[in-house]
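Taking it in order: structure first as structure tokens, then the write-up.
The values are calculated or read from the model by the stated rules, or taken from the named source; none is laboratory data. Source: prediction; values computed, not measured. Neighbour counts run over all protein chains shown; Cβ positions are idealised from the backbone, glycine included. Side chains included, ligands, DNA and RNA excluded: accessible areas come from the protein's heavy atoms. Shrake-Rupley method; radii C 1.70, N 1.55, O 1.52, S 1.80 Å.
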Amino acid sequence: MINPMQQVVIAVRKRDSEAVITALQDAGVLHLKPITGGPLNTGSLAGQDALARREDERLLARAESTIAELGAYRPAPAPLPAQGEWEHVVEAAAVPVGALAKERQLLQADVDAEAAYGPAVRALSRIVSGLDRSRRVSLVPFLLQPTDNVAELDAALQGSLKDRYLLATEPVGQNRVGVIATLKGERDAARTALGKVRLGELRLPGRFDNMPLSEAASEMERIQKSGADRQAQLNGTREKLAQTHGPALYAVRDALKDRVAIHDVRAVSARGKYSLAMQGYVPADRVPALTAALGKFGDAVSFEFHEADEHHDRTIPVELKNNSYVRPFSLVMGLMSLPKYGTFDPTWVIAVFFPLFFGIIIADIGYGFLFLLFGLWLLGKAKRNEGWDLSFFGAYVPPSTLKDLGFVTNVMAAWSILWGFLTGELFGTLGEHIHLFYVDPAIVNSLWGWTGIVAEAHEGVKHYGLIPTVFPRLETDYFSNVALVFALLFGIVQVLWGWGIRIQQGVKHKDPVHVWEGLALFGGVGALILMAFATKAGKDFGQFSNFANPLILVMYVGFALFLIGWIRVIKHYPLLPIELLSQGGAVVSYARIFAVGLVSAILAKLCTDVGWSLYQNIGFLGIIIGVLLGVALHFFVLALTLIGHVIQPLRLHMVEFLNPTGFNAETSPAYNPLRRLSPNAGQVK
């Protein structure tokens with residue numbers, strides 16, 4: 001659910017403003033809203049306040065850049081030095097860290113240059129054999145690709161220099177390096193000849209550019225031998241600096257952020273000569289915390305609460321507040337925008353249906369247990385307060401996120417295992433091969449015969465085992481239509497539910513356009529669904545005149561409701577009939593649950609059947625080969641299709657379900673209260 005908010009206005013004497021803002025930081029519940037216009041000053045600070053802000057921001061930037069250069073994770077909390085010592089603490093760290101960073105940068109540039117140019121430079125040094133130190137001879141090195149023709153270059157040089165040059169090349173890897181030796185005064189002519197055959201002079205980077213080739217080769221040789229050791233020494237020095245300066249530096253950095261936040265609060269407040277006014281929002285369940293924080297100032301602070309105007313105020317922040325089961329699914333909601341304040345929070349719907357849809361698609365006990373093991377692994381890391389370093393993706397997942405991700409994964413795994421028992425699938429048909437599951441046509445007919453299907457035993461095949469399969473989706477010759485309609489039922493429920501929410505929100509916000517739009521499409525989509533059932537998917541259009549059929553009567557009522565609603569909103573939505581067809585397609589989109597799940601089951605069946613056939617045809621050796629091949633195929637198929645199995649349920653919720661509710665049309669800012677970063681505020685002097 002969306003946590004209800006209260007709007008609050010706070011007025012304080014200017015001389016007490018810093019103490020009051022500090023108390024608000026300690027309370028950590030007030031989401032500020034900028035005040036604009038009016039008789040008091042708003043916006044950028046001026047005078048002494050502006051100077052103080054610039055100084056704090058300068059020192060904060062210096063501290064943050066030093067922390068970034070240290071590259072250290074946050075250390076354990078340290079006592080905060082007195083405010084007068086903050087600049088000394090920052091500079092004491094920044095000066096050696098800056099010098100070290102420059103040295104590391106130069107060394108890294110040398111290492112990169114050696115890696116890129118080292119072999120070529122050493123080859124060139126061998127070619128010139130000390131000629132690079134001659135005062136009369138000039139050298140022009142170049143690089144040849146495998147497709148370049150040395151003869152063309154030689155001809156171009158002959159045309160420009162006649163016989164007043166020497167040309168030599170040497171292979172380096174797949175390419176070749178070469179050098180032209182000519183008189184000092186004819187260097188430009190040699191370069192021109194290179195240009196004529198679309199070649200360029202090889203220029204070395206940085207400090208190597210002006211070195212003789214033999215000296216550059218010698219220097220790069222030294223870097224190759226000692227560069228890694230020197231980098232390790234510098235990294236060790238950086239770690240020592242981080243241990244020495246890191247704790248105090250972080251403490252000062254956090255305190256500076258708190259001070260800059262005080263300046264930010266003043267900037268978004270209304271300011272007079274002697275007073276300051278703030279406004280913002282606080283969750284209704286945290287009003288007592290704000291009252292307690294301000295109450296200790298007595299008459300020096302005045303504040304007043306109002307109900308947040310959800311109908312007209314678009315700046316009310318949103319905080320989602322759900323129970324312990326639903327809350328971890330906010331991780332999935334993070335892929336979407338927040339709902340608009342005063343509307344519908346779909347987190348609990350996603351918490352119920354997203355893992356259910358995933359479980360129906362996977363529907364395999366073996367795969368489900370693999371997901372369960374992965375979820376337990378994530379929870380184990382979170383319990384040990386370990387993050388997950390995904391450096392190859394440039395990401396780091398903190399323990400709190402791992403805890404939610406592990407919970408969500410385990411719920412998805414539980415549904416996969418449950419549906420695996422219903423479909424009789426264990427790594428595809430392995431459960432059937434070992435006679436753990438079996439398909440009994442008599443049981444299937446007793447359960448699903450009312451749908452019109454007739455399950456028959458395959459000729460010459462005897463099915464037996466411990467557990468009968470009650471949802472045999474792999475029996476495509478007779479069960480596909482049942483599985484398809486079962487998937488479409490979710491679409492019927494969710495699409496109609498979405499338009500029902502649209503109606504409810506329209507009534508709540510007194511918006512007749514959205515009310516009639518919702519009524520029109522609720523009735524129209526419902527009528528299309530009833531028409532499909534009554535005519536047996538278009539096979540019996542004679543049912544249109546069968547008024548004894550209650551489905552037909554309700555269908556006509558639905559179409560009438562659509563026409564009335566369309567007439568009421570035709571000025572705003574003239575193309576509503578096209579939208580109706582689109583919404584009919586939205587219901588059909590839920591066939592993805594059936595289609596993607598069936599493909600997953602068929603692929604898993606093929607993986608297992610390949611391995612099993614090897615066992616049947618080869619014997620004991622076939623068991624070993626079959627297991628290895630089956631495991632490899634299952635892993636490959638699961639890795640190849642897993643993203644789709646997750647994306648499809650997400651898409652059904654984000655598009656087919658949430659579009660009718662209006663969720664994707666509007667959003668609100670996230671609740672971001674003013675909070676203190678520094679835990680040692682009391683030490684500031």
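Just one of the listed residues (P550, P574) is without any contact (Cβ under 8 Å) to a residue 40 or more places away in the chain and over 22 Å from L488 (Cβ atoms), and it is P574. When I501 is tested against (1) part of a helix (DSSP H, G or I); (2) surrounded by fewer than 20 Cβ atoms within 10 Å (Cβ to Cβ), only condition (2) is not met.
Number of residues in region 513-556 that are loosely packed, with under 14 Cβ neighbours inside 10 Å and touching a Gly at 6+ places or on another chain (Cβ under 7 Å): the value is 0.
In region 504-550, of all residues being polar (S, T, N, Q) and assigned to a helix (DSSP H, G or I), the one that is modelled with the lowest pLDDT corresponds to Q543.
Of the helices (runs of 4 or more DSSP H) that lie entirely inside region 551-655, those containing 2 or more residues that are farther than 30 Å from W499 by Cα span 591-618, 620-651.
Being more than 30 Å from N322 (Cα to Cα) and loosely packed, with under 15 Cβ neighbours inside 10 Å narrows it down to one of A94, A63, A46, A11, so name that one. Even if it seems obvious, please write down each step before you answer.
Working: A94 fails: loosely packed, with under 15 Cβ neighbours inside 10 Å; A63 fails: loosely packed, with under 15 Cβ neighbours inside 10 Å; A11 fails: loosely packed, with under 15 Cβ neighbours inside 10 Å.
Result of the check over A94, A63, A46, A11: A46.
Remark: pairs (first residue in region 623-650, closer than 16 Å to S416 by Cα and touching a residue at least 12 places away in the same chain (Cβ under 8 Å); second residue among the aliphatic types (A, V, I, L, M) and part of a helix (DSSP H, G or I); Cβ separation under 6 Å; 6+ apart in sequence or on different chains) = H645/I361; Q648/V596.
Could we say that I361 is at pLDDT 90 or above and out of contact with any Pro (no Cβ under 8 Å at 6 or more places or on another chain) here? No: the conditions fail for I361. When A99 is tested against (1) within 30 Å of E219 (Cα to Cα); (2) surrounded by 15 or more Cβ atoms within 10 Å (Cβ to Cβ), just one condition goes unmet, and that condition is (2).
Count of region 559-576 residues, restricted to those that are closer than 20 Å to V513 by Cβ and in contact with a helix residue (DSSP H, G or I) (Cβ under 7 Å, 6 or more places away or on another chain), is 9.
Can you tell me how many residues within region 264-288 are among the hydrophobic types (A, V, I, L, M, F, W, C), closer than 16 Å to N3 by Cα and open to solvent by 40 Å² or more (accessible area, probe 1.4 Å)?
So the answer is 1.
For region 324-345, which positions are free of Cβ contacts under 8 Å to residues at least 24 places away in the same chain and in a loop (DSSP other than H, G, I, E, B)? Hits for region 324-345 are S324, G334.
Within region 392-428, if we keep just the residues that are within 16 Å of F358 (Cα to Cα) and out of contact with any Gly (no Cβ under 9 Å at 6 or more places or on another chain), the residue that is surrounded by the most Cβ atoms within 10 Å (Cβ to Cβ) turns out to be F421.
Note on region 346-440: enclosed helices (runs of 4 or more DSSP H) holding 1 or more residues that are over 21 Å from the mean Cα position of the chain (by Cα), under 24 Å from P328 (Cα atoms) and of a type in the set (K, R) are 365-383. If you check V485 against the conditions, is it surrounded by 14 or more Cβ atoms within 10 Å (Cβ to Cβ) and in a helix (DSSP H, G or I)? When the stated conditions are applied, V485 passes them. The residues of region 53-85 that are touching an Asp or Glu at 6+ places or on another chain (Cβ under 8 Å) and assigned to a helix (DSSP H, G or I), listed by number, are L59, R62. Only one of the listed residues (I503, I567) is of a type in the set (A, V, I, L, M) and within 23 Å of H653 (Cα to Cα). That residue is I503.
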